[in-house]
Every structure is written in C-alpha cells, then in structure tokens.
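To start, the structure under review is shown below, and the notes come after it.
The values are calculated or read from the model by the stated rules, or taken from the named source; none is laboratory data. Note that this is a predicted model, so its numbers are computed, not measured. We place every Cβ from the backbone using ideal geometry, glycine too, and count neighbours over all the protein chains shown. When the accessible area is computed, the model is the full protein with side chains, heavy atoms only, and any ligands, DNA or RNA have been set aside. Shrake-Rupley method; radii C 1.70, N 1.55, O 1.52, S 1.80 Å.
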There are 2 protein chains.
Amino acid sequence: MPVGTQATVKGILPRDLINDLDAKIILGNTYHLFLRPGHETIRKLGGLHRFMNWPRAILTDSGGFQVFSLNSLRKVTEAGVLFQSHLNGDAHMFTPESTVEVQLALGSDIMMVLDECLEYPAKHDAARAAMDRTIRWARAAFEHFHKHDDGLHALFPIVQGSMYADLRKACTEQLMELDARGYAIGGLSVGEPRGLSLEMAEVTVPLLPKDRPRYVMGVGMPEELPEYVARGVDMMDCVLPSRNARNGYLFTSQGRVIIKQAQYKDDARPVDEACPCYSCKNFSRAYLRHLYLAGEITFSVLATLHNLHHYLDIMRGIRQAILLGNYPDYLRRARQRAAEAEKEAPKAASQFE
Amino acid sequence: MPVGTQATVKGILPRDLINDLDAKIILGNTYHLFLRPGHETIRKLGGLHRFMNWPRAILTDSGGFQVFSLNSLRKVTEAGVLFQSHLNGDAHMFTPESTVEVQLALGSDIMMVLDECLEYPAKHDAARAAMDRTIRWARAAFEHFHKHDDGLHALFPIVQGSMYADLRKACTEQLMELDARGYAIGGLSVGEPRGLSLEMAEVTVPLLPKDRPRYVMGVGMPEELPEYVARGVDMMDCVLPSRNARNGYLFTSQGRVIIKQAQYKDDARPVDEACPCYSCKNFSRAYLRHLYLAGEITFSVLATLHNLHHYLDIMRGIRQAILLGNYPDYLRRARQRAAEAEKEAPKAASQFE
C-alpha cells in the first residue's frame with residue numbers, strides 16, 4: 001500500500017491515487033500526524049479521511065517504529081515510551097492506550113498496537129524482553145480498544161521477536177489469544193539481510209489464522225512482493241516506490257532505470273514500454289531525465305505515479321494469478337525475471353539497498 | 001498564461017492544465033531550455049509540444065530578458081549578447097538570428113525577437129540606445145524568420161523604451177513596419193511603480209493594430225489584469241500565481257490568504273469558497289496549511305492549481321464581460337473590489353511586491 005506519512009502520498013493527489021492507481025488503501029504515520037498537525041486538529045476537522053480527502057481505507061502504524069528510530073531522543077518504560085519531537089524537542093509519551101486514542105481520533109480503518117521494535121542485530125535476551133513487552137502492550141491496547149470498539153475499526157497486534165524463529169513463534173501464539181481482526185509482522189527491514197526477513201515471515205505466517213489479513217510492515221523490493229505472498233502474506237507497505245521515485249530510481253518490468261544517467265539524454269522511449277501508467281503513456285525518459293536534473297517537482301509527481309503503478313500492478317498480477325489458480329507458475333516466472341535483472345544490473349540493484 | 005519555464009508548469013501535469021484549468025497557451029523560457037536540455041535535444045525529440053506532452057499553444061520568450069537579468073555575466077555587442085550560463089559558467093552568444101533558430105527548434109507557436117531590456121530606472125539616452133538596438137535586432141530577426149516562415153509560427157517584435165512615452169511611441173511606429181502577426185510590450189515589471197507600467201501600456205497599445213494580439217510581458221497582479229485589458233491588452237504572462245502559490249500566498253475572490261498563518265490552523269473552509277477548482281472543492285485551509293508547514297510537494301501542486309485557476313477565471317470573466325458588452329461595468333466592480341481588498345490587507349499586499 002502507498003505510504004502517505006504526513007496525510008499525503010507525496011506529490012500524488014487523491015483523485016490520481018484512485019483514477020490512475022486504483023489504490024484501495026494507504027498508510028498514514030501516527031507519530032508524524034500526532035506531532036503535526038495533531039490528532040485533535042484532525043479529529044475536529046472530521047478525521048483523517050476527510051482531512052486529506054481520501055474516501056478509501058487508511059491504515060495507521062502506532063508510531064512505535066518511528067519513536068524507536070529516534071534513538072537518543074527516547075526512553076522506554078513499562079508504561080510506554082517517552083520521546084522528544086524531532087520537530088521542536090517537545091517531550092511526549094506514547095502508551096499502548098494513548099496510541100489507540102490517537103488512531104481513533106484519526107479515524108483510521110486499521111490501527112496498530114504500540115510495539116517495541118529493536119534494531120538488527122539484537123541479542124536473544126533483549127529480543128525476548130522486547131517481545132514480552134510488546135505482548136503486554138498489545139493486551140493493554142486491546143483492553144482499551146474494546147471499550148471504544150464500534151465495529152468500524154480493526155486493531156492489529158504486531159508480532160516481534162527479532163530474527164529468532166522461537167521468539168516469533170512464541171509471540172504469535174500469545175498474540176493469537178487476542179482474536180484480532182488481522183495480524184501484523186513487525187521488526188523487519190531494520191537492517192537485516194533480506195533473506196532473513198523472508199525467513200521470519202515464513203515461520204510466523206503459518207501460525208496466523210487463514211481468514212484474517214496478514215500484514216508485513218515495511219517491505220519490500222518489487223521482486224520480494226511475490227515471495228511474501230507465496231508465504232501467505234496479504235498486505236505490505238513500503239516507502240521504496242515513492243522515495244526511490246523522488247530520488248530518480250524507477251522500477252520497470254525490465255529492471256531499474258536510474259534516470260539521471262546520460263544514456264537517457266535523448267531516449268524517446270517511455271520509462272517502461274510495458275507500463276500503461278500516465279507517465280509512461282505520455283512522457284519519454286529524456287523528458288523525465290530533464291525534469292530530474294532541473295529539480296522540477298513535476299518529476300517527483302510523474303516518477304511517483306509510475307513507481308506506485310508498478311507496485312500496484314505487481315499486486316494486481318499476483319491476485320489475478322491466485323484467482324486463476326496458477327500462482328506457482330507466476331512465482332516461477334517472477335523469480336526467473338528477478339534473477340535475470342540481478343545478473344544484468346547488480347550495481348544498480350545495490351544502490352537500492 | 002501559465003509559465004512553464006523549464007518545459008513544465010511546476011507541479012502541474014499537462015492533463016490538469018487542460019482538464020482543471022483549460023489553459024489555452026503556456027509560456028516556455030528559451031534561455032532555460034537552450035541551456036538544459038538544449039534545443040537540439042528537444043528538436044530531436046519532436047519539439048517542445050511533444051517533449052512536454054502539451055497539445056495546445058506555446059509561446060517562448062527570446063531569452064533576452066533572462067540574459068539581461070544575469071548582469072555581470074553578460075556583454076552586449078551589436079551582433080548580440082554574450083553571456084555565461086548560470087548553470088556551469090559556459091559562454092554562449094544569443095543573436096537575433098540564433099534565438100529565432102532556437103525557438104524554431106523548440107517549435108513554439110509564438111516566438112519573440114531578441115530585445116535589449118533595461119533595468120529601472122534608466123536614463124533617456126541609454127533607453128533610446130537600447131530601443132534603437134532592439135529595433136535593429138527585430139529587423140534582423142524578421143529577415144531571418146522570413147527565410148524559414150512556414151506560416152505555422154508567429155514572431156512578435158517587442159516594444160521597448162523604458163518608462164519614456166516618446167520612446168515607446170517611436171519604437172512602436174518603427175516596429176509596425178515589420179507587419180508582425182502580433183506585438184509584445186516588454187521592459188515592464190523591472191522594478192518601476194506599477195502605475196508606470198500601466199501608463200507605458202496605455203501609450204503603446206493604441207498605436208498597435210487592433211486585429212493583432214497585443215501581449216504585455218511579465219504582468220501582473222490579479223487586480224491588474226482588468227486594467228491591462230481595459231487598455232487593449234490581449235495577452236499577459238506572469239510567474240506570480242505559480243511562484244506565490246509555492247510560497248504559500250493564495251489569491252482569492254476575497255483577497256489574499258497567507259496559508260501559514262495560525263488563524264487557518266483549524267479552518268475547515270476552502271481557500272476560496274467561491275472557487276470551483278479541485279483544491280477548493282476538496283481541501284480545507286487547515287489541510288493546506290498543514291501540507292505547507294510539513295514541506296509537502298502536494299502543497300505546491302494544490303496551491304498552484306488554485307492560483308492558476310483564479311487567474312484564468314479572471315480572464316474568463318473578462319472575456320465574458322466583453323462578449324456581453326458590459327466590460328465598463330465589470331471594470332468598475334473589479335476596481336471597487338480591489339480598493340476594498342487593499343484597505344483590508346495593506347500589509348499582505350506589500351508582501352507580494
């Protein structure tokens with residue numbers, strides 16, 4: 001799902017998210033919206049959907065991941081996490097209950113519990129302690145949520161456990177007791193090798209109920225999407241398509257295009273000849289390169305439209321293959337293409353890491 | 001007409017220029033496009049229309065105004081003007097003939113001759129010398145243009161003469177000999193009081209043929225548009241609506257909105273309740289303020305959409321009033337509104353100067 005951290009998918013208007021991309025759900029960041037403009041402001045203005053004019057689903061994280069990224073600016077206690085705003089240094093506290101409150105004020109459709117997210121690598125005992133706290137916090141969040149539950153929102157617990165299969169399993173089993181409407185797998189994409197993230201999803205997903213959405217947070221590269229789906233994952237979010245777009249890295253069916261390269265100076269072809277997005281239907285690589293080098297924000301708009309289209313098209317292809325019953329075949333071909341692309345452009349690939 | 005300096009109206013996609021704004025013509029800057037990506041690159045890619053995917057009219061300036069803004073980086077001779085690129089310091093020369101060549105390569109519908117544009121204030125003899133050179137250059141440009149004229153392009157001479165009515169008249173009379181398809185009035189908006197710019201248009205326009213477009217370059221504020229039209233001007237261009245938009249200054253039917261102001265923090269109203277643009281139909285001042293403070297490029301997109309819509313709506317209103325034969329009445333009401341807005345927000349107004 002596209003990431004709209006500060007109540008906007010950077011550069012993309014809601015009508016384009018719908019008409020061009022047919023995005024069904026976007027992600028907002030609780031930490032950012034809590035600090036600015038503030039959840040009470042958004043509540044007063046009718047909630048996040050109305051504030052940003054987004055008629056479809058919104059998922060918000062709990063802010064935990066962002067707060068734990070602050071490093072020196074935060075302190076964890078059993079009650080919650082004390083942190084300083086990166087904007088002005090103000091002190092704030094997130095508790096399991098308060099982050100539910102904030103997300104209810106935002107009116108998000110899918111809310112996340114506050115969790116403790118460790119860096120990679122983490123020692124086993126530290127990972128266990130963080131996992132245990134995550135479970136206690138999840139219970140507190142659910143207890144609070146049940147008081148306000150009107151049936152219109154879902155609250156997802158988050159499986160933690162660093163890169164330890166035993167912890168992931170233990171965490172999943174305990175969170176299952178919450179009988180949630182969906183489950184998230186967090187603590188991935190924190191610096192570990194990509195194979196390890198997939199492995200953690202692989203040990204976790206089979207333990208989760210088949211009839212509830214399973215969401216892996218913060219992944220991934222285009223070639224990883226089919227891999228997560230193959231392991232039973234239903235939902236993913238990532239800033240990669242939009243952030244890479246703004247930095248001039250474009251994903252295509254033929255591999256990656258680094259648009260600033262001189263080879264595209266006079267290139268009249270679209271970024272991806274197989275892509276039906278507005279950018280590819282109407283503009284050349286040469287034009288996009290020009291906009292990029294000229295620092296034009298129109299570049300960010302066109303590049304983001306394309307990269308998000310590419311990602312959502314992959315997901316559409318995956319859904320189609322599953323419906324037609326030929327996902328194993330789809331996966332085999334996807335792996336083949338990924339291996340070929342890797343062979344052709346190993347250097348370009350590493351710039352995305 | 002909206003300004004698209006570097007082959008894009010900053011942040012606005014061509015489809016939105018058409019569907020949202022119904023812009024009939026946009027302006028491109030020869031100086032910028034000559035330097036980057038280069039007119040030969042654009043020619044190779046099918047011309048500026050195709051390069052930027054703009055199916056309607058394009059007017060390009062000659063680059064003269066930009067080059068004369070470089071100050072220390074340029075040297076004027078009878079042959080043309082030698083200048084250094086602001087991008088990399090490379091030396092280039094614009095001649096009356098070469099700027100026609102560049103604009104033909106771009107394929108612009110309305111091209112401008114190279115002119116010598118002075119700062120304000122300028123002494124009478126300096127203004128006369130620049131005017132004489134502008135006339136000689138215009139003749140050279142037309143001579144060159146006639147060799148390539150396929151009837152698909154127009155070349156406009158530019159009336160100069162600083163703020164001296166006698167020079168403006170003399171310049172106009174001599175340029176009339178070129179029997180051009182339209183005429184531009186340049187050398188305004190160079191630091192003079194706004195009343196003086198209008199005065200110069202007023203002495204010039206009556207001397208120009210009624211059946212050819214008359215274009216004042218680089219104006220103006222919303223309340224000035226009806227004034228120029230009242231003096232017989234048909235076309236104007238200005239970066240004000242788009243640049244002010246990006247800086248958070250929004251034009252409305254009720255005066256100006258400086259979006260960063262705290263008074264808009266919880267303001268659920270649109271920027272302009274009377275405006276039917278996409279931004280006003282779908283977003284609150286509070287949301288736009290949030291995007292502005294958060295540094296989101298979506299702000300630039302929405303604000304530019306609104307400001308351009310406001311400008312083009314004024315021009316639509318003017319055309320309508322002229323067609324209905326009640327322009328004097330329209331003008332009277334427009335002046336009344338402008339006087340009231342000035343009374344209410346003199347400080348806000350001065351920030352736009």
ask   = At residue A:84, with labels set 7 Å past Cα in the Cβ direction, how many nm apart are the copies from this one, shortest first?
value = 4.4
request  = Only Lys, Arg, Asp and Glu count, each charged at its Cβ (+1, +1, -1, -1), so figure out the dipole size of chain A about its Cα centre, rounded to 20 debye.
outcome  = 760 debye
Hydrodynamic radius (Kirkwood) for segment A:173-291, which is based on Cα pairs only, to one decimal in Å = 16.5 Å
query = If the chain between residue A:147 and residue A:253 were fully stretched, how many nm would it gain, using 0.36 nm times the residue separation less the Cα-Cα distance?
reply = 33.4 nm
query = Mind checking the mean number of beta-carbon atoms from other chains within 10 Å of the Cβ atoms in A:43-55?
reply = 3
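Using Cα pairs under 8 angstrom and six or more residues apart, how large is the relative contact order of segment A:54-105, in percent? Don't skip to the answer; put the middle values down first.
On the way: 43 pairs, mean separation 13.8, N = 52.
Here the relative contact order equals 27 percent.
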key: residue B:268-residue B:196 pseudo-label distance in nm [points 7 Å out on the Cα-to-Cβ vector]   = 5.0 nm
key: Interchain or long-range residues, amide H under 5 Å from residue A:154's placed H   = A:110, A:111
request  = Select from A:326, A:341, A:311 the residue farthest towards the positive end of the dipole of segment A:263-341; place +1 on Cβ of Lys and Arg, -1 on Cβ of Asp and Glu, and compute about the Cα centre.
outcome  = A:326
request  = Specify whether the C-alpha gyration tensor of segment B:146-237 places it in the rounded, prolate or oblate class, a ≥ b ≥ c being the square roots of the eigenvalues: rounded for a/c under 1.5, otherwise prolate if a/b is larger than b/c and oblate if not.
outcome  = prolate
request  = For chain B, report the translational diffusion coefficient in µm²/s to the nearest whole number, using Stokes-Einstein at 20 °C, 1.002 mPa s, and a Kirkwood Rh over Cα pairs.
outcome  = 101 µm²/s
ask   = Quick one: Debye curve from the C-alpha atoms of the protein assembly as shown, no solvent, what's log10 I(q)/I(0) at q = 0.07, 0.08, 0.11, 0.12 Å⁻¹?
value = -0.58, -0.72, -1.13, -1.26
Tally of Lys pairs whose C-alpha atoms are under 18 Å apart, taken over chain B, 8 or more apart or cross-chain = 4
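Given a Förster distance of 60 Å, report the FRET efficiency between residue B:70 and residue B:336 from their Cβ-Cβ distance, rounded to the nearest 0.05.
Working: r = 42 Å, r/R0 = 0.69.
It comes out at approximately 0.90.
Going through segment B:93-160, which trypsin sites (Lys or Arg not before Pro) have at most 11 other Cβ atoms within 10 Å and a DSSP loop state? Could you put the intermediate results ahead of the total?
Working: sites: B:123, B:128, B:133, B:136, B:139, B:147; in loops: B:123.
Loop-located and lightly packed - B:123.
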key: In segment B:169-244, GluC sites (Glu not before Pro) in a DSSP loop with at most 16 other beta-carbon atoms within 10 Å   = B:177
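How big is D, in µm² s⁻¹, for segment B:70-160 by Stokes-Einstein at 25 °C and 0.890 mPa s if Rh is the Kirkwood radius over C-alpha pairs? If you can, show how the numbers build up before the last one.
Working: Rh = 14.0 Å.
Result for D is 175 µm²/s.
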key: Across the identical copies, how the residue B:177 labels are spaced - nm, sorted shortest first, 7 Å along Cα→Cβ   = 9.9
inquiry  = What distance in nm separates the two pseudo spin-label positions at residue A:125 and residue B:344, each 7 Å out from Cα along the beta-carbon direction?
reply    = 6.9 nm
query = What nm value, rounded to one decimal, do you get for the distance between residue A:136 and residue B:18 when each label is placed 7 Å out toward the C-beta?
reply = 6.2 nm
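Suppose the chain between residue A:260 and residue A:77 were pulled fully straight at 0.36 nm per residue; how much longer would it get relative to their current alpha carbon spacing? Numbers along the way, then the final one.
Working: separation 183, 0.36 × 183 = 65.88 nm, distance 4.68 nm.
Between residue A:260 and residue A:77, full extension yields 61.2 nm more.
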request  = Output ³J(HN,Hα) for segment B:58-71: one whole-Hz value per residue in order, computed from phi by the Karplus curve 6.51 cos²θ - 1.76 cosθ + 1.60 with θ = phi - 60°, and x for Gly and Pro.
outcome  = 10, 10, 10, 6, 8, x, x, 4, 5, 4, 6, 7, 6, 6
request  = For segment A:260-272, just list the computed ³J(HN,Hα) in residue order, Karplus coefficients 6.51, -1.76 and 1.60, θ = phi - 60°, integers in Hz, with x standing in for Gly and Pro.
outcome  = 6, 4, 4, 4, 9, 3, 10, 7, 7, 6, x, 3, 9
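Enter the mean number of other protein chain beta carbons within 10 Å of the beta carbon of each residue in A:33-40, as an integer.
That works out to 2 on average.
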key: 14 Å beta-carbon shell around residue B:118, net charge (K/R +1, D/E -1)   = -1
remark   = Here the whole-number average of other chain Cβ atoms within 10 Å per Cβ of A:4-16 is 5
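When Lys and Arg each count +1 and Asp and Glu each count -1, what net charge do the other residues less than 12 Å away from residue B:136, Cβ to Cβ, add up to? Please list the in-between numbers first.
Details: positive: B:133, B:139; negative: B:78, B:115, B:116, B:132, B:143.
Overall, the nearby charge balance is -3.
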query = So how much accessible area does residue B:95 have, in Å² to the nearest 10, using a 1.4 Å probe?
reply = 30 Å²
Net charge of neighbours whose Cβ lies under 9 Å from the Cβ of residue A:334, counting Lys and Arg as +1 and Asp and Glu as -1 = +2
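Exactly which trypsin sites (Lys or Arg not before Pro) in segment B:1-89 are in a DSSP loop and have at most 13 other Cβ atoms within 10 Å? Please list the in-between numbers first.
Working: sites: B:10, B:15, B:24, B:43, B:44, B:50, B:56, B:74, B:75; in loops: B:10, B:24, B:56.
When the trypsin sites (Lys or Arg not before Pro) of segment B:1-89 are filtered for loop state and at most 13 Cβ neighbours within 10 Å, B:24 remain.
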remark   = Chain A to chain B by rotation: the residue of A with the beta carbon nearest the axis and the rounded distance in Å are A:297, 2
inquiry  = Suppose you put the label 7 Å out from Cα in the Cβ direction; list, shortest first and in nm with one decimal, how far residue A:126 is from each other copy's label.
reply    = 6.8
request  = Bin width 10 Å, alpha-carbon pairs only: give the P(r) of segment A:180-219 as whole percents, running from 0 to the bin holding the largest distance.
outcome  = 31, 52, 17, 0
